[in-house]
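> Got a structure for you, questions after.
We did not get these values from a lab; they are worked out from the coordinates using the rules stated. All figures in this text were calculated on a predicted structure; none of them were measured in a lab. Positions of Cβ are generated from backbone atoms using ideal geometry, with glycine treated the same way; all protein chains shown enter the neighbour counts.
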4 protein chains.
Amino acid sequence: MNKNRLEAFSDGVLAILITIMVLELKVPATPTIDALLPVYPVFLSYVLSFVYLAIYWNNHHHMLHTVGKVNGAILWANLHLLFWLSLIPFVTAWIGENHFASLPTGVYGVVMLMAAIAYFILQQIIIASQGAGSLLKKAVGGDWKGKISPILYLSAIGAAFWLPWISLGIYVLVALIWLVPDKRIEKMFMREG
Amino acid sequence: MNKNRLEAFSDGVLAILITIMVLELKVPATPTIDALLPVYPVFLSYVLSFVYLAIYWNNHHHMLHTVGKVNGAILWANLHLLFWLSLIPFVTAWIGENHFASLPTGVYGVVMLMAAIAYFILQQIIIASQGAGSLLKKAVGGDWKGKISPILYLSAIGAAFWLPWISLGIYVLVALIWLVPDKRIEKMFMREG
Amino acid sequence: MNKNRLEAFSDGVLAILITIMVLELKVPATPTIDALLPVYPVFLSYVLSFVYLAIYWNNHHHMLHTVGKVNGAILWANLHLLFWLSLIPFVTAWIGENHFASLPTGVYGVVMLMAAIAYFILQQIIIASQGAGSLLKKAVGGDWKGKISPILYLSAIGAAFWLPWISLGIYVLVALIWLVPDKRIEKMFMREG
Amino acid sequence: MNKNRLEAFSDGVLAILITIMVLELKVPATPTIDALLPVYPVFLSYVLSFVYLAIYWNNHHHMLHTVGKVNGAILWANLHLLFWLSLIPFVTAWIGENHFASLPTGVYGVVMLMAAIAYFILQQIIIASQGAGSLLKKAVGGDWKGKISPILYLSAIGAAFWLPWISLGIYVLVALIWLVPDKRIEKMFMREG
C-alpha cells in the first residue's frame, strides 16, 4: 500500500472531524445575548479541540514524512489512532454543554489519553519497521513531550472529580506544549536534506 | 477515466462515512454516569461498524491496486458498493439505539450482505476486465473469505429473530476473519515486484 | 489555477453531498417493522438522488478530462453547478418525508432543472474557452441528452401539481437516460489516444 | 512540510464547510408553500455564505500558488484562518433563522472580520517568508480590497444594531467586490510564465 493513500485518508478523516464539531454549536433560538451566552462553554471546548486536532494533523504529517512503505501494522495502528480521534467531537460537545462538569471533563481526558497512547503505538511500529538507524527514532529522540502528555492527562482525569477547572487548565497546558511544531523532526530533515 | 479519481472519490466517501457515524452518538443531556451508560450499545455498534468500514477501505485499496484502466462497468459497480456502505451509519445507529433488538440486528446483516455481494460483483467485473492471467484472480485465489462471509451473514440474519446476540457474535467473527489484511494480494505484489 | 485543484474540490463536495443525504434517513425510534416502514419513501428518494449525484460526478469527470487550463469563468460556472447540486439533500429529504406530495416533487424538479442548466452553462464556457476545434464540442456532438433533460424536468414540474407520481417516473427516466456513461466522450478519447 | 498537504487539507475543510451548511436548511414538516416560505431567509444567508466560502477558496488558491515551502508559521496562520471560516455555518444558520435580526447580523460581521484579519495575517506571513522580491507582495500590490473589507465589515457591525438590512447590503457589497478573481495575481503569473 502506498503512503499517499494513507495520508489522504487520514487527512480526510481529520478534516471532517475538525469541521463537524461546529455542528455541535447549537444555533440559539432567539437573536439575543441571553440566548448566545450559553453557547460560550461549547465554543471554548470547540477551540480547545480544534487546536488538539490541528496538532495531531501537524505531527501526524511530520511522522509520516519519515515513512517509506506502509505495512499492515502501520495501517491498523493508524486506524486505531483515527478511532480515538473520532470520539473528540462527542466529548467536546458533552464537556461544553455541561459547563465542564466533573464526569465529561474526566472522560475528555480519557479520550485524549487513549489518542496519545494510539499515537505512541503508531510511532513505535513505524520505528520498528525502519529497523536500526530509524529516521523517526533519531528525530523523536528523548520524546519528552510524548512521555509527559500521558502523565498530564492522568493528572487531569484525577483532578476532574475534584476540581474540573484544573483539568481544563492541564488540557490547555498540553496543547501549548505541543503547539510548537516538533522542531526535532523539522531540524532532522534540514540536516538530512 | 483515471483510476486515481475513482480511488480519491471512494476514499472521500469512506472517510465521511466512518466519521459521520460519530454524529449518531447522542451527547448525554446531563454530566452523569446514568446519562452516559445508555450510550454504550451505540458505542459498541460504532466500534463494530468502524472496523467494518476500515476493512472495506483496506481491501478496496488492495483490489484497486491491481487495476490499470477503469471502465464504465467498474465505475458503476464501485458506486453500487458505496451505496450499500453508505447505509451503515443508519443501521449502526438503529441497532445501537435499540440495544441489538431482533429487527435492527437482522437489517444490519442485510446491509452487510448486500455490501458483500456488491464487493463480489466489483471483484468479478475487475477480473473479467483483466482477461486471462488476471492479476486480481491469481491474488484472490480460492477466496474462502469472500465465500464464507455471505453464508455467515445469512446465518446472522436468521439468528437475529431468535437470539440477536448470536448474530452480533457472527458479525464480530466476520470482522475478525477479515481484519487481517489480505495476505494473498500482499504476497502477490512482493513476488511480482 | 490548476485543473487538479478544481477536480479535487468538486470531488470533495460531491462525495460529501452523496454521503450526508444518509443523515436524513431518520433512525426509527423503535425496533419494529411499523417504525421502519415510514422510512421507505425517504429511502426511495435517497436511491434516486444517489444515482443523480453519481451521474453528475461521472459526467463531470468526462467533461473536465477535455479541459487543459482553468480560467475564472470555468471556476465560477463550476461553483454555480455545485451550488444547485448542494440543494439535493434538502429536496431529497423533503420529497421523501412528504411521500412525494405535489409541492416537494415540483421543487425537486426545479432544483434538477437548475443543476442541468448550470451544467449546460459550464459545458458551453469550456467549449468557448477551447476555441475552434474544441475537443469537448466534438465529444458532446448533438447533445440530445442535454437538450431533452430540461424538457423532461419541465414536464415533471408541471405534472407534479396534477399527478406527482408521473413526475417521479420522469425523474427515474432522466436518470436512466444518463446512467449509461457518455459513450461519445469515451469514444473520442479512444480514437484520440 | 509539503505545500500539497496544506492545500489538500484546506480544500477538504472548505469543501465540508460549504456543504454542511445545507444541513441547517431545516426540511419543512409539511408539503405546503406556507411551510416552505419560512426557509427563505435561511436560504438567502446560505447563498451569501456559499459565495463567501467560494471566494475564500478561490483566493486561498491564488495565494498558495505563490508559495514554495511551507513553514510552521504559515501552517498555523492557515489553521487560524480555517478556524474562523469554520464558524460560518453557525452564524449563517443563526442569521437566517432570526430573519436578519440585529445581534446575529452583527455577529456575522464579526466572524467575517476575524476571517479577513486571519487572511491578512496569513498573507503577511507568506510575504515575509518570501523575503525581498516576494512574488505574493508584487501580486497583491496596493491590496485595496484587503484594506477596504475590514472597514466595510466594521461599518456593517455598527449598522446591525440600527438597521440590519444595511449590514446585509454591505455583506453583499463585499462579496461582489471580491467575486471577481484577483486579476493582479493572475496577471502576475501570465507575465512570469
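> What pairs from C:K3/C:K138; A:K138/D:K137; C:K138/D:K69; C:K3/C:K147; B:K3/C:K138 go past 32 Å between their alpha carbons? Working shown, then result.
Working: C:K3/C:K138 21 Å; A:K138/D:K137 38 Å; C:K138/D:K69 41 Å; C:K3/C:K147 27 Å; B:K3/C:K138 24 Å.
Among C:K3/C:K138; A:K138/D:K137; C:K138/D:K69; C:K3/C:K147; B:K3/C:K138, the Cα-Cα distance tops 32 Å for A:K138/D:K137; C:K138/D:K69.
> Do you know the relative contact order of chain C, to the nearest whole percent, from alpha carbon pairs under 8 angstrom that are 6+ apart? Mind dumping the intermediate values first?
On the way: 202 pairs, mean separation 47.8, N = 193.
Over chain C, the number comes to 25 percent.
> Tell me which DSSP H helices of chain D clear both cut-offs, 18 Å or more of axial length from alpha-carbon atoms and a mean Kyte-Doolittle hydropathy of at least 1.0. Can you show the working numbers first?
On the way: long enough: D:3-20 (26 Å, 0.82); D:40-65 (37 Å, 0.48); D:72-86 (21 Å, 1.35); D:102-130 (42 Å, 1.47); D:144-160 (24 Å, 0.74); D:164-179 (22 Å, 2.06).
The answer, listed by residue number, is D:72-86, D:102-130, D:164-179.
> If R0 is 22 Å, what FRET efficiency do you get for C:L154 and C:I177 from their C-beta distance, rounded to 0.05? Each step should come with its number before you reach the end.
On the way: r = 15 Å, r/R0 = 0.69.
So the FRET efficiency works out to roughly 0.90.
> If you don't mind, another one. Could you work out [θ]222 nm for chain D from helices alone, using -39500 (n - 2.57) per DSSP H run of at least four and dividing by all its residues? Round to the nearest 500 deg cm²/dmol. Could you put the intermediate results ahead of the total?
Values: 10 runs with 151 residues, N = 193.
Rounded to the nearest 500, the figure is -25500 deg cm²/dmol.
> Follow-up question, since we're still on this one. Kirkwood hydrodynamic radius, the stretch C:1-94, all distinct C-alpha pairs: what's the number in Å? If you can, show how the numbers build up before the last one.
Numbers: mean 1/r = 0.0674 Å⁻¹.
Roughly 14.8 Å, rounded to one decimal.
> Using a Förster radius of 35 Å, what is the FRET efficiency between A:A35 and D:W144 based on their Cβ-Cβ separation? Nearest 0.05, please. Each step should come with its number before you reach the end.
Working: r = 38 Å, r/R0 = 1.08.
Rounded to the nearest 0.05, the efficiency is 0.40.
> With each pseudo-label sitting 7 Å past Cα toward Cβ, what's the B:H99-A:N2 distance in nm, one decimal?
About 4.8 nm, to one decimal.
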